[in-house]
1. Take every Cα pair under 8 Å in the range A:7-179 that's 6+ residues apart, average their separations, divide by the length, and report that relative contact order as a whole percent.
2. Can you sort A:103, A:208 so the residue with the fewest Cβ neighbours within 10 Å comes first?
3. For chain A, modelled as a GNM with alpha-carbon contacts under 10 angstrom, which of A:210, A:268, A:197 fluctuates the most?
4. Per residue of B:42-48, count partner chain C-beta atoms within 10 Å of its C-beta, then hand back the mean as an integer.
5. Using alpha-carbon pairs under 8 Å, 6+ residues apart, how would you state the relative contact order of the range B:10-83 in percent?
6. Under 10 Å, Cα contacts only: if you run a Gaussian network model on chain A, which one of A:211, A:128, A:137 comes out with the highest mean-square fluctuation?
7. With a 10 Å cut-off between alpha carbons and a GNM built on chain A, which of A:54, A:11, A:109 moves the most?
8. Quick check on the exposure proxy: order A:133, B:6, B:48 from fewest to most C-beta atoms within 10 angstrom.
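Computed from the coordinates by the stated procedures, all read-outs in this text should not be read as laboratory data. Please read all numbers here as calculations on a predicted model, not as lab measurements. Positions of Cβ are backbone-derived with ideal geometry, glycine not excepted, and every protein chain shown enters the neighbour counts.
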Ligand SMILES: NC(=O)c1ccc[n+]([C@@H]2O[C@H](COP(=O)([O-])OP(=O)(O)OC[C@H]3O[C@@H](n4cnc5c(N)ncnc54)[C@H](O)[C@@H]3O)[C@@H](O)[C@H]2O)c1
């Protein structure tokens, strides 16, 4: 494994394209894998725009040339990867399948990270061919603008794998905060609950989404309020993550409220579909 | 009315951008108003501005031009379009 081997990113959705942008913008080659050709086509256009946005906002260096991007539906294309970032849909069964298949293809010694929002690392490690080479790297959205990342060390993660991942993250300008394992880790154990409660407040007619977010930005100094954040994440992903948390903690506070469920059913997934709690005037 | 880089001048660009901001950001601003310091637009909207400049005026914004100072105000964006050959000065 050399530092010029590509970074493999599995899943070309909101986060997969963002993570690809982060690596490409720092000059690293990327192989981006999805099951859907139409998704990959959209991802190509998105990455091009995000590279611009990253530079514009100072999240990516302006001087470095872009890395080479390959998009494919063929998982065997990741064989020579330097590292693998799993970022497929937040469904435990699907993630396990993808991880089993991916770790069967790559060379031993290749670190594999999951970008899961809430599934415990050790639960997913079960599916990996080499659980010691596996850990969590929970990127923030969008990863090419937000530099802090939640790195999750599972009980079976080796020092070597952790060190390799921290080195790679350093190369792409990310500043890791390493934490322990558990449902939702730190960020989402708290954030998903806040989003759910905020949606419930709107559902009960106590406040509009604008009012909820104005209080969090104005009073608490958050950059965006919980519902603006939910629209950025994708409400489908919020509901999936809440289910993951509910199933693993038994804590009813995580049961997705009716308003969230209704919006997802209606196809109002937030920014990615143009409408969620807010109207985004078409898909950006 | 469609215009081309030859027939378009800086005032056309300025008008187009003010109208765009009115529609998309729901705000009437002065050409020298700092959109970012004023909290009017988010980082995602900055990208929309780039894409709008490229589509409306047929310019490509890349490399060193991709910095926020070029998009801070309607005047700055207008200057960028002129500099990139999208309109007469
Ligand atoms: N959206 C966020 O803000 C955010 C932030 C941090 C982490 N995450 C996590 O990142 C992961 C991806 O989330 P997202 O928001 O990008 O979701 P998304 O729905 O936008 O994208 C998921 C992608 O995975 C693809 N996929 C499904 N099965 C696949 C397979 N077998 N092989 C390859 N690709 C496959 C889908 O086609 C889709 O394009 C999830 O685990 C999510 O919880 C999301």
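1. Values: 347 pairs, mean separation 37.5, N = 173.
Relative CO of the range A:7-179 lands at 22 percent.
2. Least crowded to most crowded, the residues run A:208, A:103.
3. Ranking A:210, A:268, A:197 by mean-square fluctuation puts A:210 first.
4. Counting Cβ atoms of other protein chains within 10 Å of each residue's Cβ and averaging gives 6.
5. On the way: 53 pairs, mean separation 30.6, N = 74.
RCO, the range B:10-83: 41 percent.
6. Comparing A:211, A:128, A:137 in the GNM, the peak value goes to A:211.
7. Of A:54, A:11, A:109, the most mobile in the Gaussian network model is A:109.
8. Working: A:133 26, B:6 8, B:48 19.
The most exposed by this proxy come first: B:6, B:48, A:133.
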